[in-house]
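Following: one structure in structure tokens, then a few remarks.
The values are calculated or read from the model by the stated rules, or taken from the named source; none is laboratory data. These numbers were taken from a predicted model, which means no experiment stands behind them. Ideal geometry is used to build each Cβ from the backbone, glycine not excepted, and the neighbour counts take in all protein chains shown. Ligands, DNA and RNA are excluded from the accessible area calculation, which covers all protein heavy atoms including side chains. Shrake-Rupley method; radii C 1.70, N 1.55, O 1.52, S 1.80 Å.
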Amino acid sequence: MNLPKDVVLFSTADWDNPSWTNKQHMACELADRGFRVLYIESLGLRRPSTRPWDLRRLGRRLFRGLGPLRTVREGVSVLSPLVLPFHSHPWIGRLNQRLLERRVADAVRQLGMRDPMLWTYHPLIPRIPHSLLVYHCVDDLASAPRMPSDMLRRAETELLREADVVFATSRRLALQCGAEAHYLPNVVDFAHFSRAREAGPIPADLAAIPRPRVGFIGAVSEYKVDFDLIAQVARLRPDLHWVLVGTVGEGQPWTRLDKMRLPNIHFLGHKAYAELPDYLRGFDVAAILAQRNAYTQSMFPMKFFEYLAAGRPVIAGETPALDEFREAFWHVSGTDEVVESIDEILSAPQRRQSVGIALASRYTWSWRTDRMLEILSASGQSRRRLAA
């Protein structure tokens, strides 16, 4: 494939964010294929609160923004941008763009990159010389809490006009991005999560919780997880124990857990990526019960294929991105359907397992990266023909 081997990747997450998503995985996938990746950490787009979490984040961002490039693995260098919060203020937005442009341009020169491919997960990127511009749309950022929504919508419209290739992780996002967007869903490290189907240990904090266990892995935040539904089921069925693995308040530090303070709801906190198969091994049911809002209605939960690769039976609520895969999970709407589906799963836990495993085995990082590079290569060839 005749593609530039240098990539500047603009992320919405810091490299060492405890919950890895598309951005870090994609940087590693590209590096494994011989690309040199300059990974630009989060700009801190969400308007900060006065919570200690956000104040620590601001201090850390400022400290790192004054620091040098970091090499985090072979082929991946990380740059922390120096930006001010409150991006929606016009003069702050302009200043941040100038600061970002200068810092990225310096890093590109330092690494000896020439006309790199720009690969972005947000629309607020600086104007620097490049060979291809790729927009990888994985979230409706403007719909997330405390985001500079109007500014992001305007910037995304401009980015969509200029991008050479657009990828989207859900059909709804692809529709929002326009007819030229390529729909490629979120995927899974199949070998890693398949470990949950092997004999092995169950972590002590999980083993201490009675069965049956209904588990969730991800950001435990109010705008993502339907706390009301979980609490209603927990009250109705005290014999079912809900286990939530993940950072409470990630992306929403003001998350309140008052309604979830029940004896059969357990918060185990963040767990390392390497440990997740061990936790999945101890789940009787895996759950995706999302709030219904503009953000969640366009997302494709990464945990879906991870649950399936682990061989876990999955219940999922109104998440449109999963509709085409309904043969692999139990679709639920409301308290009664959640309870009925869980009881059905517990009576026949192997039902649909083979369907789910086979499905997850097709949707891997390797498959999607290969497909992306094929599309990019074709786009590059088309550009060269037009320029000839």
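Could you run through segment 302-319 and say how many residues are assigned to a loop (DSSP other than H, G, I, E, B), open to solvent by less than 10 Å² (accessible area, probe 1.4 Å) and within 17 Å of Tyr363 (Cα to Cα)? Residues flagged as assigned to a loop (DSSP other than H, G, I, E, B), open to solvent by less than 10 Å² (accessible area, probe 1.4 Å) and within 17 Å of Tyr363 (Cα to Cα) within segment 302-319 amount to 2. Of all residues in segment 261-301, exactly one satisfies the criterion of being in a loop (DSSP other than H, G, I, E, B), without any contact (Cβ under 8 Å) to a residue 60 or more places away in the chain and open to solvent by less than 30 Å² (accessible area, probe 1.4 Å), namely Asn264. Of the strands (runs of 3 or more DSSP E) lying entirely inside segment 163-255, not one is found with 3 or more residues being among the hydroxyl-bearing types (Ser, Thr, Tyr). One residue stands out in segment 320-340 among those that are within 23 Å of Arg237 (Cα to Cα) and in contact (Cβ under 8 Å) with a residue 60 or more places away in the chain: the one that is surrounded by the fewest Cβ atoms within 10 Å (Cβ to Cβ), namely Gly334.
Would it be correct to say that His136 is in contact with a strand residue (DSSP E or B) (Cβ under 7 Å, 6 or more places away or on another chain), closer than 20 Å to Ser379 by Cα and assigned to a strand (DSSP E or B)? The answer is yes for His136.
Candidates in segment 341-356 are the residues that are in contact (Cβ under 8 Å) with a residue 60 or more places away in the chain and in a helix (DSSP H, G or I); of these, the one that is most open to solvent (accessible area, probe 1.4 Å) is Leu346. For Leu159, the conditions (1) modelled with pLDDT of 90 or more; (2) out of contact with any strand residue (DSSP E or B) (no Cβ under 7 Å at 6 or more places or on another chain); (3) under 28 Å from Phe300 (Cα atoms) are fulfilled apart from (2). Got at least one residue in segment 119-138 being open to solvent by 10 Å² or more (accessible area, probe 1.4 Å), over 29 Å from Glu222 (Cβ atoms) and free of Cβ contacts under 8 Å to residues at least 60 places away in the same chain? Yes: one or more hits.
Within segment 176-194, residues that are closer than 19 Å to Phe283 by Cα sit with their Cβ atoms under 7 Å from residues that are surrounded by fewer than 18 Cβ atoms within 10 Å (Cβ to Cβ), at 6+ positions apart or across chains, in these pairs: Val188/Thr364; Phe190/Ser361; Phe190/Thr364.
Restricting attention to segment 139-154, the residues that are farther than 20 Å from Gln297 by Cβ and open to solvent by less than 20 Å² (accessible area, probe 1.4 Å) add up to 1.
Find the residue count for segment 139-154, including only residues that are in a loop (DSSP other than H, G, I, E, B) and modelled with pLDDT under 95. Qualifying residue count for the region: 5. From the list Leu38, Leu9, Leu79, Leu43, the one residue that fits, being touching a strand residue (DSSP E or B) at 6+ places or on another chain (Cβ under 9 Å), hydrophobic (A, V, I, L, M, F, W, C), buried (at least 18 other Cβ atoms within 10 Å of the Cβ) and modelled with pLDDT under 90, is Leu43.
Within segment 33-46, residues that are free of Cβ contacts under 8 Å to residues at least 40 places away in the same chain have Cβ atoms under 7 Å from residues that are among the small types (Gly, Ala, Ser) and assigned to a loop (DSSP other than H, G, I, E, B) in these pairs: Ser42/Ser11; Ser42/Ala13, counting only partners at least 6 apart in sequence or on another chain.
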